Amino acid sequence: MTQRPYNFSAGPAAMPEEVLQQAAAEMLDWHGSGLGVMEMSHRGKEFMSIAAQAEADLRELLAVPANFRILFMQGGGLAENAIVPLNLSRGGTVDFVVTGSWSQKSAKEARKYATANVIASSEADGHTTLPAPASWKLSANAQYVHICSNETIHGVEFHELPDLKSLGCDAPLVIDFSSHVASRPVDWSRVGLAFGGAQKNLGPAGVTLVVVREDLLGRALPICPSAFEYKTVADNASMYNTPPTYGIYMAGLVFQWLKRQREGDLTGIAAMEARNVAKARLLYDFIDQSAFYVNKVAENCRSRMNIPFFLRDESRNDVFLAGARERGLLQLKGHKSVGGMRASIYNAMPLAGVQALVSYMRDFEKEQA
Ligand code: PMP
């Protein structure tokens, strides 16, 4: 096969090519069972083994402690914006740190079920900074504190999760890690619940990952739909209703691919993180030294996964995008709410893809000078 183009889509996003090839090879007959994975009963031994392996591999990769449950759900990040307050708010007060579009949406949705306080916001500077945790106006009685640990549209990432205990707050921290899950380790000692759609770093759209501390199960409001009650989902090993079987299988292949990754002495997520740091540095360093391109996010919170950038002369945007497509660099147009360009460089994007992008950006700048 000739080389595929590099896909910089924010999600659904590029998958590791090895995974796509394996799925293609197993499409008609999984491991001699005579069945394709899409055709299997979720209660049969074949699929049960696929799901159990995926969960075990994810637990190992992300070093998820034994007192956390791993759930494979449906509805994506936006459904979790309702499912989390339905399960954890007790109809009381919940705190939100608004650092971009996704946390903004989460706060708005939670208002249907709870009193949602915005305790800090970077709206005034166009979401280019992160409000320091020491400045957050934490509510005394919050049932949880919500952050989006990587804002996919604004390109803002928490490089360290807040330590709520050190701020005198006992409420659990909820993180929306949709767009950087599995790109770096998670400090579970600071987290009560993490959720994320699969379609950026884990697999195809349709699977939502929820990792929840056991003591937070069993608090759902009576109006919570049964299929979205974390305790029900956990008690039934994510098989209360028919789970997104093919998506779980594909995510499982991605987890096995992640476990095979090596970078020097590092393996798995640590290897991915080293590679992600190198990829992001290459692109940010190039943008920062250029008088032609600009990234507006403060250096201490620049995302490793989603890098928005602007041409200083925006009248050249269309020419830039057309030239990029010709060089096999796809989906670089920025989100409509921010404009400009955005390069999403998730785990499946190799360093060579970022090198190709930088090389194109350099040539384009010269050509237009
Ligand atoms: N949260 C974040 C951080 C996201 O990037 C997205 C999707 N881009 C969502 C939530 C919404 O996810 P979904 O479309 O799967 O509901």
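All of the numbers you see were taken from the coordinates with simple rules; none came from a lab. Remember, predicted model here, so these are calculated numbers, not experimental data. Ideal geometry is used to build each Cβ from the backbone, glycine not excepted, and the neighbour counts take in all protein chains shown.
Projected label points at Gln289 and Asp187, each 7 Å from Cα along the beta carbon direction, are separated by 3.2 nanometres. For Ala182, nonlocal amide neighbours, meaning residues 5 or more places apart or on other chains whose placed amide H falls under 5 Å from its own, do not occur.
Here each label is just a point 7 Å from Cα along the line to Cβ, and for Glu326 and Glu18 those points are 3.5 nm apart. In the chain, helices alone account for a calculated mean residue ellipticity at 222 nm of -10500 deg cm²/dmol, with every DSSP H run of four or more residues adding -39,500 (n - 2.57). Can you pull a Stokes-Einstein diffusion coefficient for the chain at 4 °C (1.567 mPa s), Rh from Kirkwood over Cα pairs, as a whole number of µm²/s? Here the translational diffusion coefficient equals 60 µm²/s. Rounded to the nearest whole Hz, the Karplus-based 3J(HN,Hα) values (6.51 cos²θ - 1.76 cosθ + 1.60, θ = phi - 60°) of region 186-201 follow the sequence 10, 8, 5, 5, 9, 10, x, 8, 10, 9, x, x, 7, 6, 10, 10, with x at glycine and proline.
Once the C-beta distance of Thr242 and Arg4 is scaled by a Förster radius of 30 Å, the resulting FRET efficiency is 0.40 to the nearest 0.05.
Summary: within the chain, the longest segment free of trypsin sites (Lys or Arg not before Pro) located in DSSP loops with at most 13 other C-beta atoms within 10 Å is 138-311. For region 264-368, the fraction of C-alpha pairs farther apart than 18 angstrom is 47 percent.
Between Leu28 and Asp363, what's the calculated FRET efficiency when r is the beta-carbon distance and R0 is 35 Å? Round to 0.05. Efficiency computed from Cβ-Cβ geometry: 0.20.
Taking only Cα atoms and a 10 Å spring cutoff, compute GNM fluctuations for the chain and point out the largest among Asn117, Asn67, Asn241. For the chain, modelled as a Gaussian network with Cα springs under 10 Å, the answer is Asn67. By the beta-carbon count within 10 Å of each Cβ, the least crowded to most crowded order of Asp187, Asp176, fewest first, is Asp187, Asp176. Here is what passes the span test in the chain: the DSSP H helices with alpha carbon length of 18 Å or more along the helix axis and a Kyte-Doolittle mean of -0.5 or above are 45-61, 245-260, 268-289, 351-368.
Residue separation of Arg219 and Thr129 scaled by 0.36 nm, minus their Cα-Cα distance, works out to 29.0 nm of gained length.
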